[in-house]
């Protein structure tokens, strides 16, 4: 029987599997992954108009998956919030650059990349988004619009993870977005999960703050808001 600590993966299923593979490659045998996606990605109906567009703005791998499924056009450059999103965009065939930060960092990258008269910046996003990216760009005089093409729907963690969390058998929980963290916090309070032996590892300070006052045994924030930062944080445990 494995004695490796149980590590809860809360991202959507495909992204959790990808991170689990990267984790095993970087830290073989160190953790036992437990899959409990707390967000389900639901595509929204409607087409995407890419005309009069000079670049895509991508703030999550979910956005990458959704735009890649909607169009075969890979001619537009992809400006991405962080390296995880940029890597997903490159895998989907886009020429991608990473802002290596947050929405403000991506806005700065978009301002530097903007070419007057060549069209607008198009933010590919879900219904729930952190920050007002298009608002930041419009305030700087840059034409920008958003395409809301998917919904991030909260979902229950599943029977096995629920039982393990109630029993206090999850040592580590990884959280990659404020919405997922808030969903975890709501479920923890309503289901009375025992977190006294659980440490949270969050992608950023904003993600950690969305956990509220949950009584974790400890909290850790990744040194950089990307996959490498999360792996570094986990390596330190």
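The values are calculated or read from the model by the stated rules, or taken from the named source; none is laboratory data. Every value quoted in this text rests on a predicted model; they were computed, and no experiment measured them. FYI the Cβ positions are ideal-geometry reconstructions off the backbone, even for glycines, and counts take in every protein chain you see.
Taking (1) at positive phi; (2) in contact (Cβ under 8 Å) with a residue 24 or more places away in the chain in turn, residue 128 satisfies each apart from (1).
State all residues of region 4-18 that are without any contact (Cβ under 8 Å) to a residue 24 or more places away in the chain and touching a strand residue (DSSP E or B) at 6+ places or on another chain (Cβ under 9 Å); if no residue qualifies, say none.
16, 17
A single member of 92, 21, 104, 68 is out of contact with any strand residue (DSSP E or B) (no Cβ under 7 Å at 6 or more places or on another chain), over 29 Å from residue 171 (Cα atoms) and surrounded by fewer than 14 Cβ atoms within 10 Å (Cβ to Cβ), and it is 104.
Looking only at residues in region 161-212 that are part of a loop (DSSP other than H, G, I, E, B) and out of contact with any helix residue (DSSP H, G or I) (no Cβ under 9 Å at 6 or more places or on another chain), which one is nearest to residue 41 (Cα to Cα)? So that I can check it myself, show each step before the final result.
Of the residues in region 161-212, the ones part of a loop (DSSP other than H, G, I, E, B) are 168-171, 176-177, 192-198, 203-204, 210-212.
Then keep just the ones that are out of contact with any helix residue (DSSP H, G or I) (no Cβ under 9 Å at 6 or more places or on another chain); that gives 168, 171, 196-197.
Values: 168: 28, 171: 27, 196: 30, 197: 30 Å.
Residue satisfying both the conditions and the ranking: 171.
In this structure, does residue 158 turn out to be at pLDDT below 95 and over 30 Å from residue 45 (Cα atoms)? When the stated conditions are applied, residue 158 does not pass them.
In the set 35, 31, only one residue is more than 12 Å from the chain's Cα centre (by Cα), buried (at least 21 other Cβ atoms within 10 Å of the Cβ) and either closer than 26 Å to residue 90 by Cα or at pLDDT 95 or above (or both); that residue is 31.
Take the conditions closer than 26 Å to residue 46 by Cα, touching a helix residue (DSSP H, G or I) at 6+ places or on another chain (Cβ under 6 Å) and surrounded by 16 or more Cβ atoms within 10 Å (Cβ to Cβ) and apply them to residue 130. Does it pass? The answer is yes for residue 130.
Checked against (1) within 17 Å of residue 9 (Cβ to Cβ); (2) at pLDDT 95 or above; (3) in contact with a strand residue (DSSP E or B) (Cβ under 9 Å, 6 or more places away or on another chain); (4) surrounded by fewer than 15 Cβ atoms within 10 Å (Cβ to Cβ), residue 163 meets all criteria but (3).
Of the residues making up region 179-194, those that are buried (at least 16 other Cβ atoms within 10 Å of the Cβ), without any contact (Cβ under 8 Å) to a residue 60 or more places away in the chain and under 23 Å from the mean Cα position of the chain (by Cα) are 181, 182, 185, 188. For region 1-23, the tally of residues that are closer than 13 Å to residue 235 by Cβ and either in a helix (DSSP H, G or I) or modelled with pLDDT under 95 (or both) stands at 2.
In the set (1) in contact with a helix residue (DSSP H, G or I) (Cβ under 8 Å, 6 or more places away or on another chain); (2) under 30 Å from residue 191 (Cβ atoms); (3) surrounded by fewer than 23 Cβ atoms within 10 Å (Cβ to Cβ), residue 61 fails one condition alone, (3).
Selection of region 195-207 for residues being under 23 Å from residue 130 (Cβ atoms) and surrounded by fewer than 20 Cβ atoms within 10 Å (Cβ to Cβ) yields 205, 206.
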